[in-house]
Amino acid sequence: MSDVVVPAASPFRLSDEVREALALGRPVVALESNVVAHGFRRPDNIAIAREVERAVRAGGAVPATIAVVDGRIVVGTDDSDLERLGTATEVDKVTTRDIAVTLARGGLGATSIAATMAIADQVGIATVASAGLGGVHRGAQTTMDISADLTELARTRLIVVCAGVKKILDAGLTLEFLETQGTPVIGYRHREFPAFYCRESGFTTQARIDDPHEIAEIARLHRQLAGSSSLLVTHPIPAEDALDGDVIEAAIQQALARAEAERVTGPAVTTFVLRAVDAATGGSAAAANRAVLISTAVAATEIETARAALARGKAAEPVGTGPRGGLDHVR
């Protein structure tokens with residue numbers, strides 16, 4: 001008698017709202033959960049996560065915050081999930097390489113942009129919103145410290161909306177890396193490549209596009225003709241919430257020196273520096289971080305709503321049947 005192969009249970013848990021929206025071709029915006037677990041202090045973290053979701057809903061789309069909960073990939077966290085992510089003492093920071101490990105251990109994990117992209121692509125969500133993209137770190141010529149966010153852009157076929165890269169990174173090298181791997185960089189209603197807290201980084205995007213429907217068409221054509229990479233769309237922090245670049249740079253330099261002296265290394269450096277900058281700016285950096293999250297969520301919702309309308313009008317590839325499998329393998 002031949003061995004019977006029993007299929008493994010699906011690792012995905014989609015909320016009913018997300019599942020229905022994908023099945024009907026309605027706009028859905030994926031959101032990372034790392035900002036809930038590691039981006040803000042309690043209790044602001046949970047309140048801000050809910051505020052971002054409300055901003056997506058107000059624009060006519062369904063928010064899908066992604067996380068790993070009890071060894072399952074949750075796409076569309078509920079209030080209980082957010083409370084756990086925001087209050088638990090130990091929450092893994094899950095990037096692409098960590099997804100399987102956290103799942104196998106039955107753990108609780110907050111997804112980075114890279115992991116959020118990978119999961120969104122697999123279940124058929126087309127648009128991801130985040131605050132600051134990971135990039136090429138300063139000194140990467142010797143450390144080779146390059147965020148997995150950048151390589152995930154080359155693997156997925158999404159629209160990713162962010163406020164550029166954090167100012168602690170090297171914006172110029174990041175743009176060079178993106179060009180090398182064929183990732184288009186479009187500025188949404190702003191020509192300059194932003195730097196998270198700041199509206200300018202000293203570099204420009206590939207093109208400025210003001211109409212979300214035009215961005216949706218660019219994404220469709222890029223996917224059809226160029227193949228395998230995502231479209232990166234940058235949208236800056238609102239002018240009234242932006243911080244002074246020189247002040248931030250001075251705070252970053254002090255924080256980096258402290259991190260080196262205290263032997264903070266690896267992924268912990270980013271969190272250490274961001275919190276040190278927040279302290280040095282009297283809390284202004286945290287307020288700017290919140291403003292960026294809301295702004296990019298609103299921009300992503302505008303673009304995703306246009307994309308969904310274009311897909312319905314052109315009878316494009318059905319939503320939920322993405323290149324990594326789509327809803328047919330999600331139960």
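The values are calculated or read from the model by the stated rules, or taken from the named source; none is laboratory data. Nothing here was measured: the structure is a model prediction, and the numbers come from that model. Virtual Cβ from ideal backbone geometry, glycine too; neighbours counted across all protein chains shown. These area figures cover heavy atoms from the full protein model, side chains too; ligands, DNA and RNA do not enter into them. Shrake-Rupley method; radii C 1.70, N 1.55, O 1.52, S 1.80 Å.
Going toward the positive end of the dipole of the chain, with +1 on Lys and Arg Cβ and -1 on Asp and Glu Cβ, which of 86, 14, 274 do you reach last?
14
Find the Cα radius of gyration of the range 32-137, compare it with 2.2 N^0.38 Å by division, and give the number to two decimals. Spell out each step's value before the answer.
Values: Rg = 12.9 Å, N = 106, 2.2 N^0.38 = 12.9 Å.
That ratio works out to 0.99.
Dipole magnitude of the chain about its Cα centre, charges +1 at Lys/Arg Cβ and -1 at Asp/Glu Cβ only, in debye to the nearest 20?
For this selection, approximately 400 debye.
Could you grab the relative contact order for the chain? Cα pairs under 8 Å, six or more apart, rounded to a whole percent. Don't skip to the end; give the middle numbers.
Details: 672 pairs, mean separation 68.9, N = 331.
Relative CO of the chain lands at 21 percent.
Modelling each spin label as a point 7 Å along the Cα-to-Cβ direction, I'd like the residue 207/residue 100 distance in nm, to one decimal.
Taking the simple label geometry, residue 207 and residue 100 are separated by 3.9 nm.
Could you look at the range 116-157 and say what percent of its accessible area is carbon and sulfur, using a 1.4 Å probe and all protein chains? Could the numbers behind the result be given before it?
Details: 650 of 1270 Å².
Taking all protein chains in place, the range 116-157 shows 51 percent carbon and sulfur surface.
Give a quick list of trypsin sites (Lys or Arg not before Pro) in the range 1-81 that DSSP marks as loop, anything other than H, G, I, E or B, with at most 13 other Cβ atoms within 10 Å.
Details: sites: 13, 19, 41, 50, 54, 57, 72; in loops: 41.
Those that pass, being in a loop and sparsely packed, are 41.
Test of the criteria: in the range 77-139, which trypsin sites (Lys or Arg not before Pro) are in a DSSP loop and have at most 10 other Cβ atoms within 10 angstrom of their Cβ?
On the way: sites: 84, 93, 97, 105, 138; in loops: 105, 138.
Filter output for the range 77-139: empty list.
Taking the range 187-272, which GluC sites (Glu not before Pro) meet the DSSP loop condition and have no more than 13 other C-beta atoms within 10 Å?
Of the GluC sites (Glu not before Pro), the ones in loops of the range 187-272 whose Cβ has at most 13 other Cβ atoms within 10 Å are 262.
Debye sum, Cα scatterers, the chain, no solvent: what log₁₀ I/I(0) at q = 0.14 1/Å?
The Cα Debye sum returns log10 ratios of -1.08.
Compute, for residue 26, the solvent-accessible surface of its heavy atoms (probe 1.4 Å) with the complete set of protein chains present, and express it in square angstrom to the nearest 10.
120 Å²
Can you list residues from other chains, or at least 5 along the same chain, whose modelled amide H is less than 5 Å from the amide H of residue 187?
Amide H to amide H, under 5 Å and 5 or more residues apart or across chains, residue 187 pairs with 206, 207, 208, 209, 234.
Give me the accessible area per residue for the chain, probe 1.4 Å, as a whole number in Å². Could the numbers behind the result be given before it?
Values: 14620 Å² over 331 residues.
I get 44 Å² per residue for the chain.
Compute the distribution of all C-alpha to C-alpha distances in the range 100-202, in bins of 5 Å from 0, and list the percent of pairs in each, rounded to whole numbers.
For the range 100-202, the binned pair fractions read 2, 12, 21, 24, 19, 12, 6, 2, 1 percent.
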